[in-house]
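The values are calculated or read from the model by the stated rules, or taken from the named source; none is laboratory data. This one's a predicted model, so the numbers in the text were calculated from it and none came from an experiment. All Cβ positions, glycine included, derive from the backbone under ideal geometry; neighbour counts span all protein chains shown.
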Amino acid sequence: MTSALVAPTPTRIPAGHAFARIFRAVTSNRKATVGTVLLLMFILIALFPGVIAHDSPSLDNYKPGLGFSTAHLLGTNSFGQDLWAQVIYGTRSMLEIAFIVGAATTAIAVLIGVAAAYLGGLWDGSLNVLTDVLLVIPIFPLLIVIAGYARGDSTWVLITSITVTSWSYTARQLRSQALTLRNRDFLEAARVRGERRLYVIVVEIIPTMTSLIVASFLTNALYAIIFSSGLQFIGLGDPNTVSWGTTLYWAQSEAALQTGMPWWALAPGICIALLGTAFALLNYAFDEIGNPALRPVRKRDPARKRGPARERGPVRKAERNA
Amino acid sequence: MRYVLRRLGFFVLTMWAALTLNFLLPHLMPGNPAQTMLSKFRGELNPGELHSLEVLFGLNTNQDIFQQYISYVHQLLTGNLGISLSEYPKTVSSVIGSAIWWTLGLVGVTTVLAFLLGTFIGIVSAWRRGSWLDSIVPPVFVVTSALPYFLVGIVLLLVFGITLKWFPSEGAYYVTTDTPGFNLTFVQDVINHAILPAMALLITLIGTWILTMRNTMITTLAEDYVRMARAKGLPGWRIMLDYAARNAILPNLTGFAMSLGFVVSGAILIEDVFNYPGVGFMLLSAVDNEDYPLMQGLFLLITVAVLVAILIADVLTALLDPRTRETQ
Amino acid sequence: MPEILAVTDLSVDYVLERGDVRAVDDVSFTLDRGEFLGIVGESGCGKSTLLFAVAQLLTPPAQITTGRVTFQGANLVGLTDKQLAAIRWKDMSVVMQSAMNALNPVKSIGAQFKDVLEAHGKPSKQEVRERSAQVLRMVGIDPVHLKSYPHQLSGGMRQRSMIAMAMLFTPDLIIMDEPTSALDVVAQRALMLQIKELQREYGFAVIFVTHDMSLVSHFSDRMMVMYAGQIDELGSTKAIFAHPRHPYTKGLFEAFPSIRGPKTQLRGIPGNPPDLNSPPHGCRFNPRCPHAVDLCFETVPDLYQLNGTLVRCLRVADGSIDQ
């Protein structure tokens, strides 16, 4: 097809320019906008829980099993705690886990993926094997076993174990992209200038991979939410922290559904779903922004009249003998 | 068949990694949990059982860690997974055996359904870009694929099991009134009990598959050979299936198999919500009861199952894609 | 009536969010039975888009916005795939640039031949086998390769099997999009000779898109030079090569060395093809044209007839350029 219309291949872009592009991309894509709004909402709640919920989640001298009311927006649980407070205060823990695990996992993935691609040879081979093995071993059961041995004393056990086990998927993607970049011209230029390998990796390669790195962060954050809430739900998190997953755990063990307190389970569950959806939407939007072929197709009616005719010169048929 | 041999090699390697991980984990954990467990049960086990547990967890103080590792692998290869502490005196193998059919049934059927339905919807949605189907598919399934498994389970349980009482809300069958076997009431009840957990699993799984299939299909549809197929005047369904879908599915086969890890995770959580007596539920009770041998055994079983599925997917890819069969 | 194809005022737009881009602008030409028309131009000039537009193979966001493509008396624009299926391959077939990409990688060559034959009739297994073997022999490939998969054949063989496939119904028109670009020079020549021989024997017309001027000069009856989506020069190949008129055409010729002619300074054309999002005002070639004057920046030149050749240049039309 005509090269004038081929999507541009990734080239170096200065940081300020990148920000403007991201902002424009987010506002123009519906999925990205919804995802961002949701995420910002949760961040605000996590930062200022006291503003939104007047009770402390540990306050437990209310009557258990109350329904909705203005004093208790979601009612109370069987311990006499205000459910609204439980859910609002639990936001912080979940966001902390999502961001910390997301960032740490992505950092490991970038390190391993780019190193494998750039160092090549034996390094590449062995890192690949490690990545593939970890990719294939089912992570959730592994996490259950780990948490089973560690008896879930703190959220940090949760964070560490998830980080250590779930970097392989994104590492693979990053390695693929790093491989395609290895021989690009601007890297050759850096090599010819005599720059050291580490410089080339950090200053030239990684900034070019920014969009994939951000996408990896979103993926890893999503997995962090899914895994951590799952682990907490089955009782392997720290049951004394206030987090959506642990709230669900208590709801389940106190048979909330069966005893007429369904919102004890539904509220945190819906929050988890919303936060997960936010990350998933952002991720999907990122895919669409990066690969225009996936964007929604506008079907145009070919019978529709075109706009004003373009500027044309007078029709002349000059006959001239050579 | 070098390709298949290579995948087989990877299978063995990963199995070995899982075994070794299983062995090392209790040693890496603070507080030496294995030793604690052993001390707790020492009085109740006979010497043979005690020994097999020591080998399983590398607690034999007379040998160094490498020797213990060798004995561990040897014991596993003979099929001895130890004694279940929560279901004493049954062996781990027999305990697992009782639960495995429930999970196989639930997960097996749901996965196949999700795969078939998901692939089909993904293909059609990509084929009809810009149609109403295509405009609702991505947003709807992006949302469902991000839903935590247990939420779907909880909602279904609440609405259909408890509020509407259309389906039973726990277990695999009515333990008190049913007699297991090929009688009609039993089979009916089994199906009845399986519907909600299966639906929950299906809803959460299908999203990712639809989206992946759709995206690969869109990329494939842009390929030159699809345009050529149009140029040749081939009928639409043949282009969609024979030229586009066949090629689009190939890179996804292994991906589907790898996502089995997630299927298993979902199954564990759903079994928990519905108290469904499968392998996942058993793993969770094992953790609760600190029944480490059972935990280990289940983990190994789950890993083997996933790896076998991946191997099957690899073989399928080799069969369907003539390019992988080349020995160049 | 020797004319089998008439393209009239054809325009193709890429419908994009930030505005439509016109990739093919108001193109008209005719093709006679058995004629070999070569279309040349730089990358991005719209020649491939034009080809796909004629064959009705455009995909969104590309769309035919105006014009007609009259093939054997009927206008193809606006017909559905189902309506087009009748003439597809039987009367008009297509050969693409890279056979590796144009052939289904998971089906054998024979199976792909069979698909086409069965799409246009109900041939028996015997008939399918015979016809497939026959077309392969036409291009010099042993029919045993019907069982082969595309990746098992060499580049040249793949390309020739594409031509064989295009010949399955000995159509009246074969459209070829740079079929030799992926081959080395030796294989290129062999393939071109093969095509010409088949053309001589079966009498089909060819539209041949390429960026290689030497192929056009040796093998085409008429040629069309495209630039920025427009026809810049259209006429008999002999006439244009003897006497190139448009400054762009002249520039192209000067960029190719002649083996036999005197040693001349090789000159490229300075600058780049225009961004079709915002093409230059007036004549699209004016940023790079050594003969551009003020008028060239104000008026969009139409195609002017000059001794049987169509040229899109104001100064050639009014004689102000020295021939």
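Here is how the numbers come out for the structure above:
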read-out: Subset of the stretch C:259-296 (residues that are surrounded by fewer than 11 Cβ atoms within 10 Å (Cβ to Cβ) and small (G, A, S)); value: C:G261, C:G268, C:G271, C:S278
read-out: Long-range neighbours under 7 Å by Cβ, at least six apart or interchain, first residue in contact (Cβ under 8 Å) with a residue 12 or more places away in the chain within the stretch C:273-284, second hydroxyl-bearing (S, T, Y); value: C:G282/C:T299; C:R284/C:Y227
read-out: Subset tally (residues that are within 9 Å of chain A (Cβ to nearest Cβ), under 29 Å from the mean Cα position of the chain (by Cα), farther than 13 Å from B:L205 by Cα and surrounded by fewer than 19 Cβ atoms within 10 Å (Cβ to Cβ)) for the stretch B:116-157; value: 1
read-out: Selected residue [away from chain A (no Cβ under 14 Å) and either surrounded by fewer than 18 Cβ atoms within 10 Å (Cβ to Cβ) or among the aliphatic types (A, V, I, L, M) (or both)] from B:V95, B:V107; value: B:V95
read-out: Residues within the stretch B:158-168 that are within 11 Å of chain A (Cβ to nearest Cβ) and in contact (Cβ under 8 Å) with a residue 12 or more places away in the chain, tallied; value: 1
read-out: Exclusive hit being under 21 Å from B:S131 (Cα atoms), surrounded by fewer than 21 Cβ atoms within 10 Å (Cβ to Cβ) and under 29 Å from the mean Cα position of the chain (by Cα), set B:L241, B:L211; value: B:L241
read-out: Number of the exception - B:M295 against (1) buried (at least 24 other Cβ atoms within 10 Å of the Cβ); (2) in contact (Cβ under 8 Å) with a residue 24 or more places away in the chain; (3) farther than 19 Å from C:N104 by Cα; value: (2)
read-out: Residue check, C:A228 crowded, with 23+ Cβ neighbours inside 10 Å, aliphatic (A, V, I, L, M) and out of contact with any Asp or Glu (no Cβ under 7 Å at 6 or more places or on another chain); value: yes
read-out: Residue selected from the stretch C:236-258 under the condition of a type in the set (G, A, S) and either surrounded by 13 or more Cβ atoms within 10 Å (Cβ to Cβ) or more than 12 Å from chain A (Cβ to nearest Cβ) (or both), by the criterion farthest from C:F29 (Cα to Cα); value: C:S258
read-out: One residue from B:G171, B:G207 being in a helix (DSSP H, G or I) and either closer than 30 Å to A:D287 by Cβ or in contact (Cβ under 8 Å) with a residue 12 or more places away in the chain (or both); value: B:G207
read-out: Every pair of residues 6+ apart whose Cβ atoms lie under 6 Å, when the first sits in the stretch B:100-128 and is in contact (Cβ under 8 Å) with a residue 12 or more places away in the chain while the second is in a helix (DSSP H, G or I) and loosely packed, with under 15 Cβ neighbours inside 10 Å; value: B:S125/B:L133
read-out: Which listed residue is of a type outside the set (D, E, K, R), crowded, with 16+ Cβ neighbours inside 10 Å, facing chain A (nearest Cβ under 10 Å) and over 30 Å from B:D314 (Cβ atoms), from B:P26, B:P30; value: B:P26
read-out: Scope the stretch B:282-298; condition part of a helix (DSSP H, G or I) and more than 8 Å from chain A (Cβ to nearest Cβ); matching residues; value: B:M282, B:S285, B:P293, B:L294, B:G297
read-out: Residue count, the stretch C:101-134 (criterion: facing chain B (nearest Cβ under 9 Å), within 27 Å of the chain's Cα centre (by Cα) and either under 22 Å from C:L191 (Cα atoms) or not β-branched (V, I, T) (or both)); value: 9
read-out: The lone exception for B:L234 - which of (1) more than 11 Å from every other protein chain (Cβ to nearest Cβ); (2) without any contact (Cβ under 8 Å) to a residue 24 or more places away in the chain; (3) in a loop (DSSP other than H, G, I, E, B); (4) not β-branched (V, I, T) it fails; value: (1)
read-out: Residue tally, condition within 7 Å of chain A (Cβ to nearest Cβ), over 18 Å from C:D26 (Cβ atoms) and among the aliphatic types (A, V, I, L, M), over the stretch C:295-318; value: 1
read-out: Considering residues of the stretch C:154-193 that are within 14 Å of chain B (Cβ to nearest Cβ) and either touching a Phe, Trp or Tyr at 6+ places or on another chain (Cβ under 7 Å) or without any contact (Cβ under 8 Å) to a residue 12 or more places away in the chain (or both) only, the residue surrounded by the fewest Cβ atoms within 10 Å (Cβ to Cβ); value: C:S154
read-out: Residue satisfying condition, being under 17 Å from the mean Cα position of the chain (by Cα), surrounded by fewer than 15 Cβ atoms within 10 Å (Cβ to Cβ) and either more than 24 Å from C:A55 (Cβ to Cβ) or touching a residue at least 24 places away in the same chain (Cβ under 8 Å) (or both), within set C:H218, C:H211; value: C:H218
read-out: Residue check, C:T299 closer than 22 Å to C:V24 by Cβ, among the hydroxyl-bearing types (S, T, Y) and without any contact (Cβ under 8 Å) to a residue 40 or more places away in the chain; value: yes
read-out: Cβ-Cβ under 6 Å pairs, at least 6 apart or on other chains, the stretch B:177-199 side of a type in the set (K, R), far side loosely packed, with under 13 Cβ neighbours inside 10 Å and in a helix (DSSP H, G or I); value: none
read-out: The lone exception for B:R128 - which of (1) farther than 30 Å from B:R230 by Cβ; (2) at pLDDT 80 or above it fails; value: (1)
read-out: Residues (surrounded by fewer than 23 Cβ atoms within 10 Å (Cβ to Cβ) and touching a Leu at 6+ places or on another chain (Cβ under 9 Å)) located in the stretch A:76-90; value: A:G80, A:W84
read-out: Within the stretch C:5-49, considering residues that are aliphatic (A, V, I, L, M) and under 22 Å from C:A239 (Cβ atoms), the one surrounded by the most Cβ atoms within 10 Å (Cβ to Cβ); value: C:I39
read-out: Top-ranked residue of the stretch A:219-262 - restricted to ones that are farther than 19 Å from A:I146 by Cβ, more than 10 Å from chain B (Cβ to nearest Cβ) and in a helix (DSSP H, G or I), ranked as modelled with the highest pLDDT; value: A:A221
